[in-house]
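Asker: Here it is, the structure in full.
The values are calculated or read from the model by the stated rules, or taken from the named source; none is laboratory data. Small disclaimer: the values here were computed from a predicted structure and weren't measured. Virtual Cβ from ideal backbone geometry, glycine too; neighbours counted across all protein chains shown. These accessible areas exclude ligands, DNA and RNA; they are computed on the full protein's heavy atoms, side chains included. Shrake-Rupley method; radii C 1.70, N 1.55, O 1.52, S 1.80 Å.
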Amino acid sequence: MKDTAFILIAFVVGILLGFFVDIPFSMEALPTIILCGILFFVGMSVGSDSKTIHAILNLRIELLLLPVMSIVGSLIGTVAATFLLRGMGLFEGLAIGSGLGYYSASSVIIGNVLGASLAAAALFSNVFREVTTLIVAPLIAKYFGPLATISCGGANTSDVVLPVIMRNCGEEYAVPSIYNGVACTFSVPFLVSFFCEQHLALL
């Protein structure tokens, strides 16, 4: 929860600075540079932990498919929400939904391609997913099981949501949770970019 609060505070402070302060240099390339740095350090943290890699390589087949189901479920839910809300194009909605809770990456990519308003929508949508998972994880674990709880967390199950999953689902689900989070995290830039490109192709 603290990490999410810091993200939101940083976002609001950035808006206020951008509005009131005349920045003397272009910031267009800066978000992409920061995003590359984030992905680099995520890769280093995974690669440096040999126990995590070994455990991931020995997962059962249903657990190996967990990130695929997380992504497919997220996209199906996004399509349904897009048709219900009717205020957004299908590929715009899919670009936001394919953030999978990874708000920093999806917001940067969408902001660079589709503009600031959709970037803000992506930020709040993905932060909402993380906060919702943190709040309702005990109920999901009780009524739908551990895998549904992990799937709900999306890309955040390897970091912020991990302690909640371990507490409600058991420590044996730590490795599947990390695997799901890492796989979803690395899929986000590709999925978001793809749906942004599909939207632009229709213009």
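Asker: Just need a number here: residues in the range 167-186 that are within 14 Å of VAL68 (Cβ to Cβ) and open to solvent by 20 Å² or more (accessible area, probe 1.4 Å).
Answerer: Here the count works out to 4.
Asker: Being open to solvent by 20 Å² or more (accessible area, probe 1.4 Å) and in contact with a Ser or Thr (Cβ under 7 Å, 6 or more places away or on another chain) is the filter here; which residues of the range 110-139 pass it?
Answerer: Correct list: ASN112, VAL131.
Asker: Determine whether the range 97-104 contains at least one residue that is open to solvent by less than 40 Å² (accessible area, probe 1.4 Å), in a helix (DSSP H, G or I) and at pLDDT 90 or above.
Answerer: Scanning the range 97-104 turns up at least one residue that is open to solvent by less than 40 Å² (accessible area, probe 1.4 Å), in a helix (DSSP H, G or I) and at pLDDT 90 or above.
Asker: Now a separate question. On the given criteria, is TYR179 free of Cβ contacts under 8 Å to residues at least 24 places away in the same chain and either aromatic (Phe, Trp, Tyr) or not in a helix (DSSP H, G or I) (or both)?
Answerer: no
Asker: Now, a different point. In the range 69-87, how many are without any contact (Cβ under 8 Å) to a residue 40 or more places away in the chain, open to solvent by 70 Å² or more (accessible area, probe 1.4 Å) and either within 22 Å of PRO146 (Cβ to Cβ) or outside any helix (DSSP H, G or I) (or both)?
Answerer: 3
Asker: Report, ordered by the first and then the second residue, all pairs with beta carbons closer than 6 Å, sequence separation of six or more or different chains, a first member in the range 136-155 that is free of Cβ contacts under 8 Å to residues at least 60 places away in the same chain, and a second member that is open to solvent by 10 Å² or more (accessible area, probe 1.4 Å) and outside any helix (DSSP H, G or I).
Answerer: ALA155/TYR102
Asker: What's the number of the only condition in (1) within 18 Å of SER74 (Cα to Cα); (2) of a type outside the set (Ser, Thr, Tyr); (3) surrounded by 20 or more Cβ atoms within 10 Å (Cβ to Cβ) that VAL164 fails to meet?
Answerer: (1)
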